[in-house]
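*Asks:* Got a structure for you, written out below as structure tokens; questions coming shortly.
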Amino acid sequence: MPSPRSTTLATARGLVRVTSAPEPRRAAAKREPAHQTFLADHWDQLAAAAYGGFREHGAGAVVLWRDDKPRFWRPRPFEPERLWFATQAHVIPGASRVDFDGWEAELIETYDPEREAIVVFVEGGTIAGYLVSGTLPPPEAHVAVGARLN
């Protein structure tokens, strides 16, 4: 079985490591650069949401949903319409039977919520999941982002 692929991105607030499925579906692979940029730009908020979801519901993933399918001939940044926390792959709109047993579903069983977050992008039925960690770990992001919102 091939190994997952990782990219480390430098941001103004530190490093963000994004790990992708070993063999992503073609449509998901084309959107990977836009997803990585979104993850790096919003790591603090995503880590805080992931840790908050973990504390309230247990292991799971932050799901970022957008109804329309991206146009590959005109790349654009990812802009989510909705965000929620899912504890199982089958509750994600557009998830197929393959997704229930796929890499993203396996991550929910093995990731460390104190150090990492699972973020799943859904764009017009195309699903791509990532294991993400950063200089600011999820518990610290949860405190820091919560303090900024008060």
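*Asks:* Return the residue satisfying two criteria in turn: it lies in segment 104-134 and is among the polar types (S, T, N, Q) and farther than 13 Å from residue 18 by Cβ, and of such residues it is modelled with the lowest pLDDT. Full working, then the answer.
*Replies:* Just the residues of segment 104-134 that are among the polar types (S, T, N, Q), to begin with: 110, 126, 133.
Pick out the ones that are also farther than 13 Å from residue 18 by Cβ and you get 110, 126.
Details: 110: 90, 126: 78.
Out of the qualifying residues, it is 126.
*Asks:* Is it the case that some residue within segment 14-24 is over 16 Å from residue 134 (Cα atoms), open to solvent by 20 Å² or more (accessible area, probe 1.4 Å) and either polar (S, T, N, Q) or part of a helix (DSSP H, G or I) (or both)? Steps first, answer last, please.
*Replies:* The initial filter retains those residues of segment 14-24 that are over 16 Å from residue 134 (Cα atoms), namely 21-24.
When the remaining residues are screened for being open to solvent by 20 Å² or more (accessible area, probe 1.4 Å), the result is 22-24.
Imposing the further condition that a residue be either polar (S, T, N, Q) or part of a helix (DSSP H, G or I) (or both) reduces the set to none.
Scanning segment 14-24, I find no residue that is over 16 Å from residue 134 (Cα atoms), open to solvent by 20 Å² or more (accessible area, probe 1.4 Å) and either polar (S, T, N, Q) or part of a helix (DSSP H, G or I) (or both), so the answer is no.
*Asks:* While we're looking at this one, here's another question. Only one of these conditions is not met by residue 76: (1) at pLDDT below 85; (2) assigned to a helix (DSSP H, G or I). Which number is it?
*Replies:* Residue 76 satisfies all of (1) at pLDDT below 85; (2) assigned to a helix (DSSP H, G or I) except (2).
*Asks:* Give me the pairs, please: first residue somewhere in segment 60-85 and more than 23 Å from residue 50 (Cβ to Cβ), second residue anywhere and assigned to a loop (DSSP other than H, G, I, E, B) and at pLDDT 70 or above, beta-carbon distance under 6 Å, and either six or more positions apart or on two chains.
*Replies:* 68/124; 69/124
The values are calculated or read from the model by the stated rules, or taken from the named source; none is laboratory data. Here the structure is a predicted model, which is why all the values come from computation and not from measurement. All Cβ positions, even for glycine, are placed from backbone atoms using ideal geometry, and neighbour counts span all protein chains on display. We work out accessible area using only protein heavy atoms, side chains counted, and drop any ligands, DNA or RNA first. Shrake-Rupley method; radii C 1.70, N 1.55, O 1.52, S 1.80 Å.
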